[in-house]
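Accompanying notes for the structure given below.
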Amino acid sequence: MKSKSSKILETSADIRFAAMNLLARREHSRLELVRKLQTRVENMELLDTVLDRLIEDHLLDDERFCEAFVRMRANSGYGPVRVRAELKDRGVCDQLIAQYMAAHDNDWFEQARLAFEKKYGTSPENDAKSRAKQQRFLAQRGFSFEQIKYAQSGSDY
């Protein structure tokens, strides 16, 4: 038996309702909505028409999504390299990514230090193996080499 959420969406009203349910939970990019709804929609042209209408109604907005996403990921301890890659993967254009990454008032160096301290505390490790492990952790989080060095040193770079 299929669940209610896997029901085939045949009308524009059904598609709009499903999209609005997703948007009520959090902001989405257009590409995210397409990916989530395309398995349930047989007529992709109808899906595009509904999404265009949501954009016209200011209910779906990649700029608003980008702004919220940058803030959310930065506050979760992720660095600019990873945030940029995740936005690109979600279909946000390079111009919007650059605009909101530059406008974001987050100090990425300080964000790297906070992520480091949350994981490893305030006392830096002196042996090479531990420092390399810390560097891999921060690099995986999306911080640059300079930001990683700053976080490990605990002082201005």
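Data for the structure
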{"read-out": "Full-stretch length increase - residue 103, residue 45 - with 0.36 nm per residue and alpha-carbon distance subtracted", "value": "17.4 nm"}
{"read-out": "Under-5 Å amide H pairs with residue 41, H placed in peptide plane, nonlocal only", "value": "9"}
{"read-out": "Additional length obtainable on full extension of the chain from residue 95 to residue 64, 0.36 nm per residue less Cα span", "value": "9.8 nm"}
{"read-out": "Three-way shape call for the chain based on the alpha-carbon gyration tensor, with the a/c threshold at 1.5", "value": "prolate"}
{"read-out": "Förster-model FRET efficiency, 41 Å R0, residue 118 and residue 14, C-beta, rounded to 0.05", "value": "0.40"}
{"read-out": "Part-to-part distance (alpha-carbon centres) for segment 63-117 and segment 22-62, which is given in Å", "value": "23 Å"}
{"read-out": "Full-stretch length increase - residue 153, residue 129 - with 0.36 nm per residue and alpha-carbon distance subtracted", "value": "7.0 nm"}
{"read-out": "Total lysine pairs whose alpha carbons fall under 26 Å of each other in the chain (8 or more apart, or interchain)", "value": "12"}
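Read the figures in this text as sums done on the coordinates, not as results from a lab. If you're wondering where the values come from, they're calculated on a predicted model, not measured in any experiment. Note that each Cβ is placed from the backbone with ideal geometry, even for glycine, and that neighbours are counted across all protein chains shown.
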